[in-house]
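Handing you this structure, nothing more for now.
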Amino acid sequence: MASLTDMLAQPREDQLILVDLLDRPQGSMGKLACHQQARLHRAFSLFLYRESGGTLRLLLQRRAQGKYHSGGLLANSVCSHPRVGEALADAVPRRLTQELGVPASKATSLEYVEVGSFVYRSSFGNGLTEFEYDHVFVTPYDGPLAPDPSEVAATAWVDAEEALADLQAHPSRYASWFLTAAPMACAWLAAHARP
């Protein structure tokens with residue numbers, strides 16, 4: 001049981017896993033410093049999908065305006081980082097619960113499939129840089145959502161083909177990692193998850 005002191009303490013900044021271009025751990029660094037110094041670190045992008053009326057749909061989110069970068073842009077269902085000492089298999093359901101309010105018991109029972117990974121680097125006007133080794137996951141889901149408004153401004157189930165067409169026509173509407181992660185997820189889903 002936590003003490004009152006523990007409960008009142010400020011949350012500690014997440015320590016991210018620094019990696020090399022082969023995703024081998026190279027140490028750790030606080031989240032803010034990692035993005036200020038443009039250090040390559042491990043990340044993940046999760047796409048929730050469902051079949052609706054013969055159409056494959058993806059859950060997209062609009063990032064909350066107050067996010068440290070890419071506020072207001074469209075992105076995949078969940079995007080985040082594992083903490084030091086945390087496996088991706090644990091980080092993905094943890095963040096699904098934190099960002100989208102999927103009950104933890106449900107999030108941990110889902111079957112996540114890693115469909116690929118890639119490295120990207122994107123600088124933002126506020127002095128921060130994302131330099132990530134991004135693991136892309138998909139999982140079927142058709143249950144309740146209760147998004148955290150500090151993380152997510154809105155969500156929508158979107159036709160996967162329409163999302164790709166809009167991404168190609170209007171890439172500036174989307175978070176930078178989505179440009180690679182979405183086609184990767186959609187290609188896997190087209191081959192494996194068609195209704």
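Once the Cα atoms of helix 88-100 and of the chain are each reduced to a long axis, what angle between those two axes, in degrees from 0 to 90 to the nearest 10, is obtained?
Compared with the principal axis, the helix lies near 80 degrees.
Next up: State the three equivalent ellipsoid semi-axes of segment 67-146, derived from the C-alpha gyration tensor as the square roots of 5 times its eigenvalues, in descending order and whole Å. Let's see the in-between values first.
Numbers: eigenvalues 111, 48, 29 Å².
Equivalent-ellipsoid dimensions as semi-axes: 24, 15, 12 Å.
Here is a further query. Quick one: if you stick a label point 7 Å off each Cα along the C-beta vector at residue 165 and residue 55, how many nm between them?
1.0
Leaving out ligands, DNA and RNA, what percent of the accessible area of the chain is carbon and sulfur, probe 1.4 Å?
The nonpolar share, carbon plus sulfur, comes to 52 percent.
As I understand it, the dipole of segment 46-126 uses +1 on the Cβ of Lys and Arg and -1 on the Cβ of Asp and Glu, about the Cα centre. Which of 79, 49, 118 lies farthest toward its positive end?
Going by the Cα projections, it comes out as 79.
Could you state the accessible area per residue of the chain in Å², with a 1.4 Å probe and every protein chain left in place?
Details: 9610 Å² over 195 residues.
Here the per-residue accessible area is 49 Å².
Considering only the chain, what is the antiparallel percent among its DSSP beta bridges, to the nearest 5?
So the antiparallel bridges amount to about 75 percent of the total.
May I pose another question? Kindly identify segment 77-195 as rounded, prolate or oblate by the Cα gyration tensor criterion: order the square roots of the eigenvalues as a ≥ b ≥ c, call it rounded if a/c is under 1.5, otherwise compare a/b with b/c, prolate if a/b is larger, else oblate. Write out the running numbers ahead of the final one.
Working: a/c = 1.35, a/b = 1.09, b/c = 1.23.
It comes out rounded by the Cα gyration axes.
Quick check for me: using +1 on Lys/Arg Cβ and -1 on Asp/Glu Cβ, what's the dipole size of the chain about its Cα centre, in debye to the nearest 20?
The dipole magnitude comes to about 260 debye.
The values are calculated or read from the model by the stated rules, or taken from the named source; none is laboratory data. Because the structure is predicted, anything quoted here is derived from the model rather than measured. For neighbour counting, all protein chains shown are included, and Cβ atoms are generated from backbone atoms with ideal geometry for every residue, glycine included. Quick note on the areas: whole protein, heavy atoms, side chains included, nothing else; ligands and nucleic acids left out. Shrake-Rupley method; radii C 1.70, N 1.55, O 1.52, S 1.80 Å.
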